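One structure below.
The values are calculated or read from the model by the stated rules, or taken from the named source; none is laboratory data. Values in this document were obtained by computation on a predicted structure and should not be read as measured data. For accessibility, only protein heavy atoms count, side chains too; no ligands or nucleic acids. Shrake-Rupley method; radii C 1.70, N 1.55, O 1.52, S 1.80 Å.
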Amino acid sequence: MPNHSVPNNSVPNEAVPTVDLFGIRVSKWGMDDTVRYLAQAIESGTPHQVITANPIMVMAALEDPSYMEIMKKAELIVPDGTGVVWAAGKAGNPVKERVAGFDLLHELMKLGEQRAWKFYLLGSSPEVIQAAKDRLQMLYPGVKIVGWRDGYFKSEQDQEVVEAIQAAAPDVLFVARGADTQEPWIAKYKQQLAVPVMMGVGGSFDVISGRSKRAPKWMQKLRAEWLYRLIKEPTRYRRMLALPKFAVKVLREKENLG
């Protein structure tokens, strides 16, 4: 069983070991150290934005300075995509393992059940978020889910959503609104929300609710989860075009990745 013990007086600091991928500092930690660090973040009460990075997000940051700025200001970037893990190896500074956002969500829920952490779920459709909330409450009955709402709100409703989250005062906020929306939204309201751990979780609620399925274990081991998602959602092909571009860029610039 993973050891997530945290020293009583410990507070997160800047000593996260990272690998520099085109100016984006990705954590080299594995799952256990990542969860331990985030447990410290919750104890400290300091807002932390966690980004689960994949090659599509890295390429988006390279093309959009404002998105790059968001990634640079995030307190923790974990290697969610297998392409990011591969790139770190090519840079000669490998990460310990892939830290998938879906798995990190569940690890935080597990530990949260032991420590009576409060969670807020934001995103997806009304039906999906309700089903995901019910499923998570069944899997982790000791967890306190203090609020949830769908992600279909307009920018003029942002303040209303922020105030609802503030009133619920969660320890962890999971946001599922798509990588192009969720990371900028968290970054924009990070200080106002003042939630110790805020993390974009993409399509995780869809999987948890049962609306969609995750790739089989054998495909995950082959690092082919992207292929499974493309087969299931062919409309993603335009986004997936970033993957070969990322691979070519890494191979061309591996000597100067940092």
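Solvent-accessible area of residue 80, all protein chains in place: 30 Å² (probe radius 1.4 Å, heavy atoms, ligands and nucleic acids excluded).
Working note: Debye formula, equal point scatterers on the alpha-carbon atoms of the range 116-216, no solvent; log10 I(q)/I(0) at q = 0.14, 0.18, 0.19 Å⁻¹ is -0.48, -0.81, -0.90. Restricting everything to alpha-carbon atoms, can you work out Rg to Rh for the range 43-114 with a Kirkwood hydrodynamic radius? With Rh from the inverse mean 1/r over Cα pairs, Rg/Rh is 1.02. Residue 245 exposes around 120 Å² of accessible area when a 1.4 Å probe is run over every protein chain in place.
Which of rounded, prolate or oblate describes the range 61-157 when judged by the alpha-carbon gyration tensor and an a/c cut-off of 1.5? Oblate is the answer for the range 61-157, as a/c is 1.5 or above yet b/c matches or exceeds a/b.
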